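The values are calculated or read from the model by the stated rules, or taken from the named source; none is laboratory data. Keep in mind it's a predicted model, so treat the numbers as computed, not measured. Methodologically, a virtual Cβ is constructed for each residue, glycine included, from the backbone with ideal geometry; neighbour enumeration extends over all protein chains shown.
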Amino acid sequence: MKTNILGLPVQESELIVTELNTLLSNYQVYYQNLRGIHWNIRGKRFFDLHVKFEELYNDSQLKVDMIAERVLTLGGTPLHTFEDYIKNNKLAVGKNISNDEKAIHLIVSSLSDLLRMEREILDKASAINDEGTNSMMSDFIVEQEKTLWMMQAWLEE
C-alpha cells in the first residue's frame, strides 16, 4: 500500500481531501449565511443576536482556514472559488432573513447538516488512523453539538 508523507494511505487520504473540500464549501456558505443574518437581523433581540451571529461567523471563518490547511496537509488543494462552493453546497441558503426565529432555524439546520458531514469524515479518517483529521472533526462536533443545544433552547421560549 502506497502511503503519503504522513504515513497515511494515499487513495483513502485523497477521498478524505474530497470530503474536506465539500465541508469547506459548505462552511463558506454557512459563513455567508451568518454574515447575512448578522447584517439583516431586526427586532427586539437585535443587540443580542447581532453579537451572537458575529461570534458564529468569526468562528466559522477560523474553521474554514483550519479545513483548508488540513486539505493542504493531506496533500490536496483547497477549493477557493464561489463556483466550487455553490457546486458542493448542501446547506439551505438564507436570503434576506431579518426575523430572529428564521435566523436561528437556519443556523440549526446548517449545523445539523455540517455535523452529518463531519461525522462521515470522522468515520473515514478513523478507518485509516488519520488522527489529525479525527481530532479536528471531534473538536468541531463537540462545539457544534453544544451550539445546537443552545439554539434549540432559545427556540423553546
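Across segment 1-59, what is the number of residues that are over 25 Å from Leu74 (Cα atoms) and among the small types (Gly, Ala, Ser)?
2
Does segment 87-107 hold any residues that are touching a helix residue (DSSP H, G or I) at 6+ places or on another chain (Cβ under 8 Å), assigned to a helix (DSSP H, G or I) and surrounded by fewer than 17 Cβ atoms within 10 Å (Cβ to Cβ), and which are they?
Lys87, Glu101, His105
Looking at Gly76, is it surrounded by fewer than 18 Cβ atoms within 10 Å (Cβ to Cβ), at pLDDT below 95 and either touching a Gly at 6+ places or on another chain (Cβ under 7 Å) or small (Gly, Ala, Ser) (or both)?
no
Of all the residues that make up segment 60-83, how many are part of a helix (DSSP H, G or I) and touching a residue at least 60 places away in the same chain (Cβ under 8 Å)?
Here the count works out to 5.
One residue is enough: does segment 29-49 have a residue meeting the conditions under 15 Å from the mean Cα position of the chain (by Cα), crowded, with 19+ Cβ neighbours inside 10 Å, modelled with pLDDT of 95 or more and among the small types (Gly, Ala, Ser)?
The answer is no, given that none of the residues of segment 29-49 is under 15 Å from the mean Cα position of the chain (by Cα), crowded, with 19+ Cβ neighbours inside 10 Å, modelled with pLDDT of 95 or more and among the small types (Gly, Ala, Ser).
Look through Glu118, Glu157, Glu143 and report the one residue that is loosely packed, with under 14 Cβ neighbours inside 10 Å and at pLDDT 95 or above.
Glu143
For segment 121-135: of the residues being in a helix (DSSP H, G or I) and not small (Gly, Ala, Ser), which is surrounded by the fewest Cβ atoms within 10 Å (Cβ to Cβ)?
Asp123
Mind listing whichever residues of segment 124-157 are out of contact with any Asp or Glu (no Cβ under 9 Å at 6 or more places or on another chain), among the acidic types (Asp, Glu) and touching a residue at least 12 places away in the same chain (Cβ under 8 Å)?
Answer for segment 124-157, where residues must be out of contact with any Asp or Glu (no Cβ under 9 Å at 6 or more places or on another chain), among the acidic types (Asp, Glu) and touching a residue at least 12 places away in the same chain (Cβ under 8 Å): just Glu145.
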